[in-house]
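Just so it is clear, none of the values below were taken in a lab; they were calculated from the coordinates. Worth saying up front: this structure is predicted, and the values here are computed from it rather than measured. Ideal geometry is used to build each Cβ from the backbone, glycine not excepted, and the neighbour counts take in all protein chains shown.
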Amino acid sequence: MRSLALIIVLAVAACADSTTVLETTTPLKGGIKPGSTVALHFDAPSQEPAEDAPLEQREAYVLARHLEKSLANFLIYEGHFENVVANGEPADYELRVDVLDVHLELYGPNLTSVHGDVAKYDITLEDRTNREVISAFRVDAKAAKQGHFKASLAGNSGPVLQPRELIDISVERILEGLDS
C-alpha cells in the first residue's frame, strides 16, 4: 500500500512541474471563418545550424521543426482550419509563431534532467484579406522531464534533444489561445 501511495505522489509531483502560462494581448475578434486556410510562419531558424553553432540556435531549430509539424496537424484535426500551407502560399489567415526563448535539456546515458524543457512564444493570427490582427497572445511553456534517456531515431548513443512533451503542451496552449 505504501508503494502505491509513493507512486501516486511521484506521479502528481511530475505532473505538477508541467506548467504553461497563456497571456492574451488581443482576444479573438469575430472568430475564424469556416473552411479557411492558414499559412504557418515560424520566426526561428529554418536551416539546421552547424554542430558547432550556439546551443540556443540548435534548440530553437529543433523545437520549431517539431512544433511546426504537430501544430499543422492539430490545426486541421481540431477543426480550426481546413488546410494549412507554408508561409508565402495563398491563405485566408497567417499564423505567426515567434520563438522567443528555448531551453531544452540534453538526454543521454548518465545525463539527468534537472530543470526540464522551457519555451516562450508570441503567437499572432492575422486575416490576410485586410491585414487585421485577429488574435495575439504569449505562451510560456515548461515541461517536466523524468530524467531518462530516449534514443534518437538515428540510433545516436550520444546526448539528444527530445522536446516531445514541450511540443504537446505548446500545441495545446496555442490551440487554446485560438479558441479564446
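Structural remarks
- Gain on full stretching of the segment that runs from Glu48 to Val133 - 0.36 nm per residue minus C-alpha separation: 27.6 nm
- Residue ranges 50-56, 84-90 sort as 84-90, 50-56 when ordered by packing (mean number of other C-beta atoms within 10 Å per residue, highest first).
- Summary of the geometry: segment 121-142 and segment 52-94, compared by the centres of their Cα atoms, lie 13 Å apart.
- Multiplying the residue separation of Lys69 and Arg164 by 0.36 nm and removing their Cα-Cα distance gives an extension gain of 33.0 nm.
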